[in-house]
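Read the structure below first, then the notes.
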Amino acid sequence: MKKKIIFVDDDPKELKNLQKMVSCMSGEWEIHFAAEAGEALEFLRKDSSFDVLVAGIGAVKAFNGEFMNCIRDRCPLTIRILISNRSDQTTTLKSAIPAHQYLLKPVNLELLKSSIARACAMRGLLEDKLLMDAISRMESLPSLPSLYAEVVSEVNSPNCSLKKVGEIISKDLAMSAKILQLANSAFFGHPQAVTSISGAILFLGLETIKALILSVKIFSLFNCSKALESSIGKLWNHSIATGMMARTIATQNDMDQGKIDEAFMAGLLHDVGKLVLWDRIPHKYQEIDAMEKSSGCPLWEAEQRILGTSHAQVGAYLMGLWGLSESMVDAIAFHHIPSKSPNQGFGTLTIVHLANSLEHGKNDADSDKRLDREYLEKLGFKPWMD
Ligand SMILES: [Fe+2]
Ligand SMILES: [Fe+2]
């Protein structure tokens, strides 16, 4: 089926350029154009089945900067892509944060095609429309209050150091995911994938980081029930330990620095879907927790039985929408059962699967059961026989 895409730009010259550029895609896309934000909203009011909205920055600033919010509220499942220029990043980001992906002008067809294809591919991961709706609305993930306070105090300090900010952000799943989303967006014009927080922070620069945290308020606070408090502490410890274990495995396998950084980040973020579920459907999570305890099945199986999906797919869905690299999204999506992934070679997914299982093994005598033996045997591993 053709992807249904609407382009909106209130600059007639820019809209004409877009029309010219995408005209060759009419075989694969059903393409619509709107000359201003109000017209695009009208299109979506009549028909909410658009897969993607691509908006120029002029349109995004319409309705007092609320245009993307209006789209999010009216058609949350429509993927929101912003095309902007380099000027005035902070104001632009403020009105554009509700976008899923950001591209920098001039945009070429290849970049546009790959951004649209990657975001749309995420749709196959989830079937539950209500859950997809809830996740598509997310602009940030909740951070640990202590780390949030620490980062705000550091950027407010007259002696603020980029290194210290990076260290704090690296300890928080939510802040790490958001910073990677921004650093990897073509909006900031980085030519290669950014896979480490230190690299992302260095690239964005202290002033942009300060503005993003203090004015744009890209991070948000955890507001969880008492019942989840101990789970949150465990998740943070497990995620950091898995990231560090993944970094060690990647280093021992002589991977290059980019891949080592990616292994750490994918390990850190592999369970990010739990955060999404705790934030979006906390009431269901208590039921899932109870089933895990009473039946002794892994948490992801309890999620699957109750929700029809697991935190792995949910996390991958959001990270994919946010434009994180395909190998990171793959590692998050299939970290419990890597044999289900379309990518069967040794890579970030293998490392995260091993690191997650080994990390659980520290407290769990049955950790072998977590290993996907069929997958690992095909790759020549037999870790359970050592
Ligand atoms: Fe998991
Ligand atoms: Fe895990």
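The values are calculated or read from the model by the stated rules, or taken from the named source; none is laboratory data. A quick note: this is a predicted structure, and the numbers were derived from the prediction, not measured. Neighbour counts run over all protein chains shown; Cβ positions are idealised from the backbone, glycine included.
Residue under question is Lys20, and the condition is that it be assigned by TED's automatic domain parsing to the domain that holds Asn108, surrounded by fewer than 18 Cβ atoms within 10 Å (Cβ to Cβ) and closer than 19 Å to Leu103 by Cα; does it hold?
The answer is yes for Lys20.
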Margin query: Kindly evaluate Lys113 against the criterion of being touching a residue at least 60 places away in the same chain (Cβ under 8 Å) and among the basic types (Lys, Arg).
Written below: yes
Item checked: Index of the failed condition, Asp330 passing every other in (1) more than 16 Å from ligand 2 (Cβ to nearest atom); (2) of a type in the set (D, E, K, R); (3) closer than 20 Å to Ala174 by Cα -> (1)
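Results for (1) at pLDDT 90 or above; (2) over 10 Å from the mean Cα position of the chain (by Cα), shown as yes or no for each residue.
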{"residue": "Leu307", "(1), (2)": "yes, yes"}
{"residue": "His311", "(1), (2)": "yes, yes"}
{"residue": "Gly315", "(1), (2)": "yes, no"}
{"residue": "Leu318", "(1), (2)": "yes, no"}
{"residue": "Gly323", "(1), (2)": "no, no"}
{"residue": "Val329", "(1), (2)": "yes, no"}
{"residue": "Ala333", "(1), (2)": "yes, yes"}
{"residue": "Ile337", "(1), (2)": "yes, yes"}
{"residue": "Gln344", "(1), (2)": "no, yes"}
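The rows are residues; the columns are (1) under 23 Å from Ser136 (Cβ atoms); (2) more than 16 Å from ligand 2 (Cβ to nearest atom); (3) exposed (fewer than 15 other Cβ atoms within 10 Å of the Cβ).
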| position | (1), (2), (3) |
| --- | --- |
| Gly233 | no, no, yes |
| Met245 | no, no, no |
| Gly267 | no, no, no |
| Val272 | yes, no, no |
| Leu275 | yes, no, no |
Check: Does at least one position in the range 250-262 carry a residue that is buried (at least 19 other Cβ atoms within 10 Å of the Cβ) and either farther than 24 Å from Gly347 by Cβ or within 16 Å of ligand 2 (Cβ to nearest atom) (or both)?
Finding: no
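With the range 106-221 as the region, which helices (runs of 4 or more DSSP H) entirely inside it contain at least 3 residues that are farther than 30 Å from Lys4 by Cα and of a type in the set (Asp, Glu)?
Details: elements: 109-121, 129-136, 145-156, 162-170, 173-184, 197-204, 206-214.
Correct list: empty, since no element meets the threshold.
Going residue by residue through the range 162-171, is there one that turns out to be under 15 Å from the mean Cα position of the chain (by Cα), crowded, with 20+ Cβ neighbours inside 10 Å and in the same structural domain as Lys210 (by TED's automatic domain parsing)?
From the range 162-171, those under 15 Å from the mean Cα position of the chain (by Cα) are none; that's our starting set.
No: zero hits.
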Check: What helices (runs of 4 or more DSSP H) completely inside the range 267-375 contain at least 3 residues that are touching a Leu at 6+ places or on another chain (Cβ under 7 Å)?
Finding: 272-280, 282-295, 311-321, 326-333
Margin query: Given the criterion buried (at least 21 other Cβ atoms within 10 Å of the Cβ) and free of Cβ contacts under 8 Å to residues at least 24 places away in the same chain, identify the matching residue among Ile213, Ile288, Ile201, Ile197.
Written below: Ile288
Item checked: Search result, residues across the range 305-340 that are under 20 Å from Trp278 (Cβ atoms), crowded, with 18+ Cβ neighbours inside 10 Å and not hydrophobic (A, V, I, L, M, F, W, C) -> Thr309, Ser310, His311, Gln313, Gly315, Tyr317, Gly320, His335, His336
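Which residue out of Glu262, Glu287, Glu301 is among the charged types (D, E, K, R) and within 14 Å of ligand 1 (Cβ to nearest atom)?
After applying the criteria, what remains is Glu301.
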Notebook entry, point to check: If you scan the range 304-337, which residues turn out to be over 23 Å from Ala193 (Cα atoms) and away from ligand 1 (no atom under 11 Å from the Cβ)?
Noted result: Gln304, Arg305, Ile306, Leu307, Gly308, Thr309
Next item on the list: Determine which single condition Ile281 fails, assuming it passes every other condition in (1) more than 15 Å from the chain's Cα centre (by Cα); (2) within 15 Å of ligand 1 (Cβ to nearest atom).
Entry: (2)
Check: If we scan the range 373-385, do we find a residue that is within 15 Å of ligand 1 (Cβ to nearest atom), among the aromatic types (Phe, Trp, Tyr) and at pLDDT below 85?
Finding: no
Notebook entry, point to check: Across the range 29-74, which residue is nearest to Ser115 (Cα to Cα) among those that are part of a loop (DSSP other than H, G, I, E, B) and within 26 Å of the chain's Cα centre (by Cα)?
Noted result: Asp51
